[in-house]
Amino acid sequence: MADEISVLIVDDSALMRNLIAKMIESTPGLMVAEKAMNGIFALQKIPRVNPDVIVLDLEMPEMNGIEFLKERKKQGIKIPVVILSSIARRGAEITMEALSLGASDFIQKPSGSVSEDIHTVKDTLVGMLLGYGGQYRRLQGKKVLASGEYPQKTEVSGAVVTDIRKIFPVTPAAPVKPLAPLRKPGNVEVIAIGISTGGPDALRVVFAKLDADLKQPILVVQHMPAGFTMEFARSLDRLCPLDVKEAEEGDVVQPGRVLIAPGNKHMEVEKKGIGAIVHLSDSPPVNGHRPSVDVLFASVALAYQNRALGVIMTGMGRDGAQQLGTICKEGGITLGQDEASAVVYGMPRVAYELGHVMEQVSLEKMAERICTVAKTQR
């Protein structure tokens, strides 16, 4: 089908290329454009097949993933790249280098470079491919299938067919009546951001544009595996005018500082006298995630009431959507990323439809809007 998102698979393992292809072929809205065993062959095939998105391994002979990304950048190729590699488990620094070179996102292979259990990351992978590939097609002026238009696919070579509704709602609903807050908004004392698929790129855009004189502390939950958030925080610190670090137990929530929740740890905030500190926990996942955006938003609403700004951005699922409403109910202010700029309009869509988003904002304007709202005296 001409409107399907086409995927170029780049991996040196023939088994992996075939397993990934089966997952793609069994997903409505996706098709395999071509396969390549290393970066050299991928670069040769791109002009001919013109894919909408690339799945890239990092460890390959002749031209590895990092070398491919450097050449892609040199050639001005804009096709989005999703890293799917075992090195993502061992080398956070290499993975962050891949992101800095223009890769959009990354997924760990579950069990080494040849992972026969790769199907366990299928929903995450195809969600990214639909999101990034769809966004690229729109930028190219090409049609992208609406949720309700995805064709039904029968079982492909024993692969389980993905239910597209788990990733994208079939039909957008009108938002319900906005919540009636318990009190009027006060001056913003803290900013809480929840984000998932599409987050690494989106946070780079937002953090690079924040005002250097922004006084409010920022707390962030980005769904990311353990072992990567420290290096991710360092990469954001290099481009953000504020100080960015991975949160540690007992960290003081202080002006001009951004704290990123560590992978596999919930992050909450507790008021202590005139200040506040961060607590990390191993309590069970919420909405399938640890860290969970809902956990952060609930604690922020409790601690700051009407003096909080909650922001929900691109991501699959619904994490954060419910408790963003608690910030709203307490009299805080809430923003949601708009559909046009979100890689996956899942989390912000659910929050908007629940009536928990007071204003929808594009990615390009998000930093400006956050700073304006935070600096407004009430």
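The values are calculated or read from the model by the stated rules, or taken from the named source; none is laboratory data. What you see is a predicted model; the values in this text were computed from it and never measured. Cβ: placed from backbone, ideal geometry, glycine included. Neighbour counts: every protein chain shown.
For the stretch 55-66, the set of residues classified as of a type in the set (A, V, I, L, M), touching a Gly at 6+ places or on another chain (Cβ under 7 Å) and over 17 Å from Y132 (Cβ atoms) consists of L58, M60, M63, listed by residue number. Here D52 fulfils each of the conditions (1) modelled with pLDDT under 95; (2) in contact with a Phe, Trp or Tyr (Cβ under 6 Å, 6 or more places away or on another chain); (3) within 19 Å of Y132 (Cβ to Cβ) apart from (1).
The set of residues in the stretch 1-23 being buried (at least 24 other Cβ atoms within 10 Å of the Cβ) and more than 20 Å from D123 (Cβ to Cβ) consists of V10 alone. Filtered by the rule that a residue be of a type in the set (G, A, S) and either assigned to a helix (DSSP H, G or I) or in contact with a helix residue (DSSP H, G or I) (Cβ under 9 Å, 6 or more places away or on another chain) (or both), the stretch 258-291 gives A261, G263, A276, S281, S283. Could you tell me whether Q322 is outside the structural domain of G127 (by TED's automatic domain parsing), part of a helix (DSSP H, G or I) and within 24 Å of K215 (Cβ to Cβ)? Considered against the rule, which asks whether it is outside the structural domain of G127 (by TED's automatic domain parsing), part of a helix (DSSP H, G or I) and within 24 Å of K215 (Cβ to Cβ), Q322 comes out as no. Any residue at all in the stretch 346-353 that is basic (K, R) and within 18 Å of A180 (Cα to Cα)? Scanning the stretch 346-353, I find no residue that is basic (K, R) and within 18 Å of A180 (Cα to Cα), so the answer is no. So which of R369, R290, R349 ends up being under 16 Å from the mean Cα position of the chain (by Cα) and free of Cβ contacts under 8 Å to residues at least 60 places away in the same chain? None of the other options fit; the residue is R290. Looking at the structure I just gave you, is V252 crowded, with 18+ Cβ neighbours inside 10 Å and among the β-branched types (V, I, T)? In short, no. Just so you know, in the stretch 309-322 the residues that are without any contact (Cβ under 8 Å) to a residue 60 or more places away in the chain and in contact with a Leu (Cβ under 8 Å, 6 or more places away or on another chain) include one that is surrounded by the most Cβ atoms within 10 Å (Cβ to Cβ), and it is A321.
Residues that are part of a helix (DSSP H, G or I) and within 24 Å of the chain's Cα centre (by Cα) were ranked within the stretch 23-39; the one that is nearest to K74 (Cα to Cα) is I24. In this structure, is S26 among the small types (G, A, S), crowded, with 19+ Cβ neighbours inside 10 Å and more than 27 Å from V205 (Cα to Cα)? It is true that S26 is among the small types (G, A, S), crowded, with 19+ Cβ neighbours inside 10 Å and more than 27 Å from V205 (Cα to Cα). The set of residues in the stretch 30-63 that are small (G, A, S) and in contact with a Ser or Thr (Cβ under 9 Å, 6 or more places away or on another chain) contains only A33. Hey, could you check the stretch 329-370 for residues that are in contact with a strand residue (DSSP E or B) (Cβ under 7 Å, 6 or more places away or on another chain) and small (G, A, S) and say which is surrounded by the most Cβ atoms within 10 Å (Cβ to Cβ)? By that ranking, first place goes to A351.
If I filter the stretch 78-94 for residues that are under 27 Å from C240 (Cβ atoms), surrounded by 16 or more Cβ atoms within 10 Å (Cβ to Cβ) and charged (D, E, K, R), do I get at least one hit? Looking through the stretch 78-94, at least one residue is under 27 Å from C240 (Cβ atoms), surrounded by 16 or more Cβ atoms within 10 Å (Cβ to Cβ) and charged (D, E, K, R).
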